[in-house]
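Every number here is computed from the coordinates shown, using simple stated rules; none is lab data. None of these values were measured; they are calculated from a predicted model. Ideal geometry is used to build each Cβ from the backbone, glycine not excepted, and the neighbour counts take in all protein chains shown.
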There are 2 protein chains.
Amino acid sequence: MSPVESTPRSDAPGTQFLAEIHEQPDALLRLLAHEKTIARAAQLAVERDVRLIRLVGHGSSDNAASFGVYAFGLLPRWTAMRDAITLTVHYDTPLDMTGSAVIGLSQSGRTPDVVEYVARARAAGALTIAVTNDPVSELAAAAETAIPLAAEPELAVAATKTYVNTLAVLALLAGHLAGRGPEVSNGIRRAAEQLAEVLPSLERAAAGMALPFAYTGRMFVIGRGVEFATAREIALKLLETCRIAAEPLTATDLAHGPVAALDPLFPVWAIASPDATLAPVQEAAARARAMGATLVASGTAAAELEGASYALPVPAPSPQLLSPLLSVVPGQLFAWALARARGLDADAPHGLAKVTLAR
Amino acid sequence: MSPVESTPRSDAPGTQFLAEIHEQPDALLRLLAHEKTIARAAQLAVERDVRLIRLVGHGSSDNAASFGVYAFGLLPRWTAMRDAITLTVHYDTPLDMTGSAVIGLSQSGRTPDVVEYVARARAAGALTIAVTNDPVSELAAAAETAIPLAAEPELAVAATKTYVNTLAVLALLAGHLAGRGPEVSNGIRRAAEQLAEVLPSLERAAAGMALPFAYTGRMFVIGRGVEFATAREIALKLLETCRIAAEPLTATDLAHGPVAALDPLFPVWAIASPDATLAPVQEAAARARAMGATLVASGTAAAELEGASYALPVPAPSPQLLSPLLSVVPGQLFAWALARARGLDADAPHGLAKVTLAR
């Protein structure tokens with residue numbers, strides 16, 4: 001490997017992926033210019049007496065939905081769920097959508113069953129909100145109101161800035177529902193600054209970790225609460241760019257079976273936050289270490305995990321709910337560096353297209 | 001390997017696991033003796049004007065909850081969700097539980113955060129229903145009403161008969177809510193007979209497949225709709241008894257990234273049902289084949305998947321919603337046979353205890 005370069009070369013595989021990772025602070029700031037649109041969507045949800053939020057998306061969008069469950073639960077204390085798209089779209093089941101707000105998540109705005117779900121939910125009386133990077137997409141047209149991701153075009157197949165901006169949209173929606181919009185938008189602005197500051201050193205640290213993992217075929221990625229979304233998204237990056245069979249697990253689910261698969265050659269990436277989920281994540285990390293597993297400690301409370309062979313900590317934002325905006329980035333950078341070490345092109349993984357039209 | 005024996009030897013590793021797989025038809029019939037208790041719980045949910053079902057559990061219980069989402073959606077057309085336990089138990093978030101029924105799922109009835117969630121939900125006004133194999137457990141005591149799994153003691157660490165009986169409880173609850181209780185209970189009785197008939201030949205077929213997978217370290221297991229629960233449960237069996245990094249994916253989510261990890265040495269187990277999800281599962285299987293992946297076709301519509309190197313079909317029950325009661329069994333038997341081929345003890349995987357007290 002050549003020494004790590006922080007300026008991407010335009011000819012190298014993974015250049016676009018790395019460039020978009022670095023664009024994330026700017027993308028977050030661009031999104032904040034649309035805060036009024038988000039506040040209006042929140043107002044609409046209050047006026048319609050919404051009692052249940054149904055989040056729908058696939059891939060990175062569905063991972064962001066895992067964060068949404070906590071954002072809506074922790075800020076306005078509303079119940080949110082990742083809904084079963086198949087039930088509505090494929091099984092054609094008419095559910096009572098009164099009192100529901102549907103948030104359709106799709107970077108491209110073209111994911112067929114998400115568009116179809118939103119159209120059906122709207123016809124059944126739900127408030128429908130599209131969150132997409134393409135404000136003139138089918139999804140934006142199908143929904144009653146649309147929130148732009150404002151991430152500018154994302155060209156690498158693996159999502160980065162659109163994922164982080166989707167988290168930010170959900171946090172802002174939840175914040176405005178709770179009357180805490182300014183606190184959340186200020187937190188996002190500060191998180192963007194924190195991210196810009198640490199990106200160069202994080203890139204170096206992640207690149208330095210790539211070589212020992214060059215022959216790793218499997219990994220668990222562990223998070224809980226707000227960081228379960230991060231575990232899912234990092235696992236997906238490793239799957240799609242590095243061909244690692246990386247499986248996301250909650251700290252507790254690790255103990256309910258999967259821990260038996262671990263050994264020293266089966267690494268575990270754990271994401272720790274300094275909140276009520278820290279103790280379960282520490283226990284899960286200790287359980288993995290007891291099986292001999294090689295541990296990577298990440299997240300804002302990475303230092304609280306004992307026995308880690310590698311650490312990729314990130315600074316803590318405020319409110320702490322925003323930590324997934326930062327904690328996913330070491331995973332993105334590690335995926336970029338590992339793909340490079342393996343001779344894979346993170347910009348265009350074999351077998352994938354940027355817009356997924358699979359049913 | 002010695003020739004396959006259908007009578008387990010008491011001294012061999014995996015004997016208990018195999019014996020409990022074979023007990024499943026009887027366990028299903030035993031459960032049917034408790035149909036009145038289940039019908040009463042359904043009646044209670046109607047009387048309380050329940051609008052949302054919140055399912056909580058870990059491991060196999062959480063996998064069964066994935067089935068519950070479809071059972072309640074397809075039969076009474078009620079919205080059901082796998083709720084975020086962490087939000088309530090760890091983050092201490094008081095959610096509005098009015099109009100909610102909570103179904104707490106735990107074989108042992110001792111999973112700490114499930115017990116805690118149910119206690120809090122009950123205090124917050126939810127109708128609480130425990131589904132457990134131990135009718136005098138903490139979970140049964142914490143809930144307003146309890147439904148026994150009636151599976152008799154399960155001694156192997158990896159769940160089998162308690163998983164299938166949990167599916168049956170959820171199907172019966174959904175059936176009674178929809179006024180279709182007798183249809184579902186007759187279907188379960190017939191499914192138990194179908195299962196008893198095919199178990200010997202399924203065991204031979206699964207055992208014959210073990211050797212080629214003896215060195216496989218990773219696998220995707222694909223299902224959609226009612227069979228996503230089956231994909232999750234088979235992946236968990238392979239993780240805990242065979243140490244395979246097996247990841248469950250919906251047919252659609254495969255296309256949203258993970259397909260890029262596939263190659264001829266990365267097998268895919270696909271579960272097909274003859275319903276509206278067949279076409280997406282066929283497309284996912286074709287996508288996996290296009291990447292060269294070795295395909296195992298399973299489920300009641302296994303014959304509809306082209307290009308499979310191995311097939312483990314099961315008979316179709318009626319109503320078709322019950323197919324997961326049968327389609328999980330080839331995965332259980334394959335896990336047993338593969339563990340044996342690898343010299344692992346499926347009865348007591350290293351690092352696991354039967355009752356998981358992890359937070």
Positive dipole terminus of region B:15-188, leading residue within B:ALA33, B:GLY73, B:GLN107 (C-beta point charges): B:GLY73
Dipole of chain B [Lys/Arg +1, Asp/Glu -1 at C-beta], most positive-end residue of B:ALA297, B:TRP269, B:ALA279: B:ALA279
Calculated label separations, B:ALA279, copies of the chain, 7 Å along the beta-carbon direction, nm: 5.1
Cα gyration tensor, chain B - rounded (a/c under 1.5), prolate or oblate: prolate
Size of charge dipole - the protein assembly as shown - debye, nearest 20, with Cβ of Lys, Arg +1 and Asp, Glu -1, no other charges: 260
Summed side-chain charge close to B:THR132 - residues other than B:THR132 whose Cβ falls under 10 Å, Lys, Arg +1, Asp, Glu -1: -1
Cα-based Rg and Dmax for region B:198-341, where Dmax is the largest Cα-Cα distance (Å): 13.4, 38
Tensor-based shape of region B:117-205 (alpha-carbon gyration tensor, a/c under 1.5 rounded, otherwise prolate or oblate): oblate
Cβ neighbours within 10 Å from other chains - mean over A:67-77: 3
Cut-off under 5 Å, modelled amide H: who pairs with B:VAL221 long-range: B:GLU247, B:LEU249, B:TRP269
Inter-chain Cβ neighbour average for residues B:43-56, partner chain, 10 Å: 1
Segment A:GLU283-A:ALA196, length gained on full extension (0.36 nm per residue, minus Cα span): 28.1 nm
Sequence-separation-based contact order of region A:198-341, relative, with Cα cut under 8 Å and 6+ spacing, percent: 28
For region B:287-295, 3J(HN,Hα) per residue [Karplus equation, 6.51 cos²θ - 1.76 cosθ + 1.60, θ = phi - 60°, Hz, x = Gly/Pro]: 5, 5, 4, 5, 8, x, 4, 6, 10
Using a Förster distance of 51 Å, the FRET efficiency for B:ASP92-B:ARG204 (Cβ separation, nearest 0.05): 0.45
Student exercise, region A:15-188 dipole from Lys, Arg, Asp, Glu Cβ charges, in Debye to nearest 20: 440
Residue list for region A:49-72, given a label point 7 angstrom along the Cα-to-Cβ vector of A:GLU144 and an amide N cut-off under 14 Å: A:49-54
Amide H partners (placed H, <5 Å) of B:ILE147, local residues excluded: B:ALA130, B:VAL131, B:THR132
Qualifying lysines (Cα of each under 17 Å from Cα of A:LYS354; at least 8 residues distant if same chain): A:LYS161, A:LYS237
Assigned charges on the beta-carbon of Lys, Arg, Asp, Glu; region B:198-341 dipole about Cα centre (debye): 320
For residues of A:85-98, the mean tally of beta carbons on other chains within 10 Å: 5
Per residue convex hull volume, Cα atoms of the protein assembly as shown, in Å³: 127
Signed unit charges on C-beta, dipole axis of region B:188-233, positive-most listed residue B:ALA191, B:ALA206, B:ALA229: B:ALA229
Karplus 3J(HN,Hα) series, Hz, for region B:308-319 with 6.51 cos²θ - 1.76 cosθ + 1.60 (x for Gly, Pro): 6, 7, 9, 9, 10, x, 10, x, 8, x, 9, x
Copies compared at B:ASN186 - label distances in nm, ascending, label defined 7 Å from Cα in the Cβ direction: 6.6
Cα-based equivalent ellipsoid, region A:15-188: semi-axes from gyration tensor eigenvalues, Å: 24, 20, 13
